[in-house]
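The values are calculated or read from the model by the stated rules, or taken from the named source; none is laboratory data. Everything quoted here is computed from the prediction, not taken from an experiment. Ideal geometry is used to build each Cβ from the backbone, glycine not excepted, and the neighbour counts take in all protein chains shown. Keep in mind that these areas ignore ligands, DNA and RNA; they rest on the heavy atoms of the full protein, side chains included. Shrake-Rupley method; radii C 1.70, N 1.55, O 1.52, S 1.80 Å.
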Amino acid sequence: MNSVIEIFKEITSIARCSGTHEPFIKFIKNYCNKYGYKCLIDDYNNILCKKKESKAKICLQNHYDIVCLKDNCIPQIIEEDGFFKAKDSTLGADNGIGCSYMLWLMSLDYDCEFLFTSDEEIGLIGANNLEHKLKAEYMLNIDSEQEGEICIGCAGGVDIFAKNRSKKIVENKEDYELYEVSISNLPGGHSGVEIHKNIPNAIKLIAALIKENGGLLLDINGGERINSIPANVKAIAAFKTYPQEISYKNVCISKINTKSEHLNIWSSDITDFIYTFANGVRAYDVDLQVVLNSINLAKISTNIDEITIELSARSMANEELEKIKKETRVLLEHFGFEVETSGKYQAWKPDVNDFTNNVLNIYKKYDKDASLEAIHAGLECAIFKNMFPHMKIASIGPTINSPHSNAERVEIASVNKLAKIVKEIVDSI
C-alpha cells in the first residue's frame, strides 16, 4: 500500500496539463481494475470511480488537470526544507495532492464515490458539464490550499475577452526609434487567493513604461494563463528618446537598429486602457474577512489584425459579479474594444450544517485553530451545490504556496497531517 506522498510522486510523472486527458484516464482505469472499482468516463473526460454495489454516503472530489506554464510540462519534483517544489515549472500539487488522497483511500477499499474532474484550470469545464449522477449525501473536495481552513463558500467568476483592431500606418516625422521592451520572471501567482498580495502585474508595468515615456505601441504579448497574475511580457514600442525605466527590477530595454520611415502602430487607447485599469482588489468583505470583488488583467497577445486582452473577474456574491462584468464591458468598449464573456461560474454561498460542523470538530483534534472559511477563488463545489442541491459540501487541503506559478510548493508535513484528517472524516460518515 502506497502512502499519499508516494502516490503523488507517481501521478506527477503522468502528463496532466489542462486539455490532456488520456494518460491519466488510462492510469485510473488500470488502478480501478487493480482495486476492484468501476471506472466511468463521461463525454467531458470526467472520471467516476465506485464500487460495483456501492452504497456510498460521501463523494470525494478533485480535478486532475494542472496549470502548465510551459506546454506539455511534466514537473520534476524537488524536496527542499520540508516542501516539495518543481524544477523550473509549476508543481501540480494543485490538484495532484487532492487526487492522491482519493487514490490512497481507493487502495484501502473505501466505499465512496471518487470523482476526478477535467479541465478545472481552464474554466471548470469538466464540472460544468458533468454527466455522472452522484448519489452521495456529502461531498469532500480537497482543493483548498491552506491547512486549518475549512472552506464552506467561494467566489464566482467570469472570463472577459476583448479585441481591438485599431491600427494605422503613420509617417515617422519625429524620428521615433524602435525598442524591444520586456519584463520577465516576476513572482506571478493565483489571481484569486493571492490577488490581495499586490503581486506586480507585468502587463500593467510595461504599459506604464510605454505611457510614461510617450511611447507608441507596435507589438505586445504577455501573461501565461487567464487565472494567473502575469509574470512575463514583451513589447515593441517606438520612443523619441531612450525610455526611462520604471522603478522595478527585471526590465530589459534593447534598441532595434532599424530606421523606419513609417510606423505601423496600435491605437493609444490600448495603452491608455491598460495604464488606467484598476487591476486587483475592488472591494473587501469585512464580515467574511475575504476579498469581495477583484479583477485581473491576465493576458495580452498580438496578431496581424488585432490585439486580444483576457481578464478574470471574481466575486463572493453573484450580483456583484454581474456588476463588475457589466462595468468592465462598458469601460473596454469606451476604449474601442469588442467584448465577449465566457466561463462564468456561480459563487457558493457559505453554508454551516451538520457535515461542516463534523469536519470542523474532527479537524480541531489535529489543529485547535481550525476554522470555517470562505475563499476568493473558484471552486467546483459551487457548481456541484447548484447541480446537487441535496449535497452538504466542504473543502479542505494541505498548505500549498503560490499555485499557478513556478514558485508553487506544498508542505510535506501538512500533506501527511491532512491524510489522517481525511481518513477520519470518511470513517465518521
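Points worth noting:
- Set of lysines with alpha-carbon distance to Lys368 below 16 Å, sequence-local pairs under 8 removed: Lys417, Lys420
- Restraint check, Lys26/Lys392; Lys197/Lys365; Lys211/Lys234; Lys51/Lys423, Cα-Cα greater than 20 Å: Lys26/Lys392; Lys197/Lys365
- At a probe radius of 1.4 angstrom, the accessible area of segment 222-294 per residue rounds to 51 square angstrom.
- Relative contact order [Cα under 8 Å, 6+ residues apart], segment 246-323, whole percent: 18
- Taking a Cβ cut-off of under 9 Å around Tyr44, the surrounding Lys, Arg, Asp and Glu residues balance to a net charge of -4, with basic ones at +1 and acidic ones at -1.
- Among (i) 32, 30, 20; (ii) 99, 28, 19; (iii) 43, 22, 19, the entry derived from the coordinates for semi-axes √(5λ) of the Cα gyration tensor in Å: (iii)
- Each Lys or Arg adds one and each Asp or Glu takes one away; over the other residues whose Cβ falls under 10 Å from the Cβ of Ala317, this sums to -2.
- Remark: relative contact order (the chain) = 24 percent; criterion is Cα-Cα distance under 8 angstrom and separation of 6 or more residues.
- Segment 269-334-segment 3-45 distance, computed between alpha-carbon centres (Å): 35
- The chain: calculated mean residue ellipticity at 222 nm from DSSP helix runs of at least 4, using -39500 (n - 2.57): -8500 deg cm²/dmol
- Using a probe of 1.4 angstrom and keeping all protein chains present, the accessible surface of segment 308-370 works out to 52 square angstrom per residue.
- Sequence of Tyr284, Tyr31 when ordered by accessible area, the most exposed leading, probe 1.4 angstrom: Tyr284, Tyr31
- For Met387, the accessible surface of its heavy atoms amounts to roughly 70 Å² (probe 1.4 Å, protein chains only, rounded to the nearest 10).
- Once all protein chains are placed together, Asp287 keeps about 150 Å² accessible to a 1.4 angstrom probe.
- Within a straight-line Cα-Cα reach of under 24 Å, Lys326 can be paired with the following lysines, leaving aside sequence neighbours fewer than 8 residues apart in one chain: Lys163, Lys204, Lys299, Lys344, Lys349.
- Percent accessible area from carbon and sulfur atoms, the chain, protein chains only, probe 1.4 Å: 46
- Segment 137-252: relative contact order as a whole-number percent, Cα under 8 Å and 6+ apart: 30
- Among residues other than Ser260 with Cβ under 11 Å from its Cβ, the summed charge is -3 (Lys and Arg +1, Asp and Glu -1).
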